[in-house]
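The values are calculated or read from the model by the stated rules, or taken from the named source; none is laboratory data. Every value quoted in this text rests on a predicted model; they were computed, and no experiment measured them. Because the Cβ atoms are built from the backbone with ideal geometry, glycine has one as well, and the counts that use them run over all protein chains shown.
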Amino acid sequence: MTLRKIVNGTVFCEDGSFAPGTVYMCDDRIVTEEQYRRASGTETVTDAADCYVIPGLTDIHFHGCMGSDCCDGTVEALRTMARYELRQGVTSITPATMTMPEDVLTRICRAAKEFHDAAETDASDFCGLYMEGPFINMAKKGAQNGKYITSADTAMLDRLQELSGGMFRTVAIAPETEGAMDFIRANGSRINISIAHTAADYDTAREAIACGASQLTHTYNAMPPFTHRAPGPIGAAADDERCRAELICDGIHIHPAVVRTTFKIFGDDRIILISDSMRAAGLADGQYDLGGQNVNVKGNLALLDDGTIAGSVTNLMDCVRTAVQDMGIPLASAVKCAAVNPAKAVGIYADYGSLTPGKYANIVILDKDLALRTVFHHASPIG
């Protein structure tokens, strides 16, 4: 057996707090101190003095990085993305597709299944896919390609799920569009359904949640605003404890005051931090594409030619840093929203999202400035 332990660190606990502690690992799992003492093998000790020890993060909604995109539909693109994410401390991922024709989504599904089945050790755990489009509202398409928008279609989802080996964990949908409410009723119990790219009013969104929707996609973006007379989908989600809200804390998509207010409204049990990054993440400024559309990147800002924000160029760990250091969100809350809540949302919390014994030993050590010190993937340190 391979035995490792992390000592002297400030450890993120199951209750969402930090406390001094030791994390024990045996082979690829976190174990109890008693299990560790009973095991035999070569021991390695990591000193995490003056550091935080947190679960590896889970990004359930991002499109690409390092020049690659989920919609490239190749194993190589997914490998490039997963390797980059792992080295940022994002140890489990469900990359997002875009509004594309079914033949493109089919190609993505085949690549996703092949990459998942390969179970590569030098990459983040590939835990599924996030379908963002084509079941959305043209009026709120944002950076999606309107040419491929279509009505909600359970048969299409079934075909894609069969091809991918059941890899879709989340489907984004505009509930006011044709067939959407029936789709939510039919599929809400088997897949995470997120209200997205929508013009829905409060009552329609409330109905969608009652029918089985349980999430808002990149809250505030590509949906009606939350106002005092028309609370829209944000008000509907806030009113229902079953519904979570994604937030992009890259410093571009949402004002810091709005982020703080959203945490007060939803609480850190119901917020999911996402990056929503596109292929330029990790690369220099320049011209890139997203869903077949030209994107101009300068600094942290990515825009289509018409000025529409086109995703982010920030990875999830940087979003955590921004939330904590620039927006005033407590570190414990930010970690909960970037590790615990996303893992719960997509149904992988039994193996991911916390440092509970029995889970995969996907662990990140951060110094007090939140700089990355060490990433453990299935208990192995990543160079």
Legend entry - Flag for VAL295 being at pLDDT below 95 and touching a strand residue (DSSP E or B) at 6+ places or on another chain (Cβ under 6 Å): yes
Inset, instruction - Inspect all residues belonging to the stretch 71-92 and state whether any of them is hydroxyl-bearing (Ser, Thr, Tyr), in a helix (DSSP H, G or I), buried (at least 17 other Cβ atoms within 10 Å of the Cβ) and touching a Ser or Thr at 6+ places or on another chain (Cβ under 9 Å). - result: yes
Legend entry - Those residues of the stretch 326-353 which are buried (at least 21 other Cβ atoms within 10 Å of the Cβ), part of a loop (DSSP other than H, G, I, E, B) and out of contact with any Cys (no Cβ under 8 Å at 6 or more places or on another chain), in sequence order: GLY353
Legend entry - Residue ID - nearest to the chain's Cα centre (by Cα), chosen from residues in the stretch 358-369 that are in a loop (DSSP other than H, G, I, E, B) and either surrounded by 19 or more Cβ atoms within 10 Å (Cβ to Cβ) or of a type in the set (D, E, K, R) (or both): ASN362
Legend entry - Among residues of the stretch 35-89, those that are of a type in the set (S, T, N, Q), under 30 Å from GLN293 (Cα atoms) and over 18 Å from the mean Cα position of the chain (by Cα), counted: 1
Inset, instruction - Check off (1) over 23 Å from MET167 (Cα atoms); (2) over 15 Å from the mean Cα position of the chain (by Cα) for PRO101 and give me the number that stays unchecked. - result: (1)
Legend entry - Any strands (runs of 3 or more DSSP E) falling wholly within the stretch 220-313 and containing at least 2 residues that are in the same structural domain as CYS337 (by TED's automatic domain parsing) and more than 19 Å from ASP69 (Cα to Cα): 244-248, 271-274
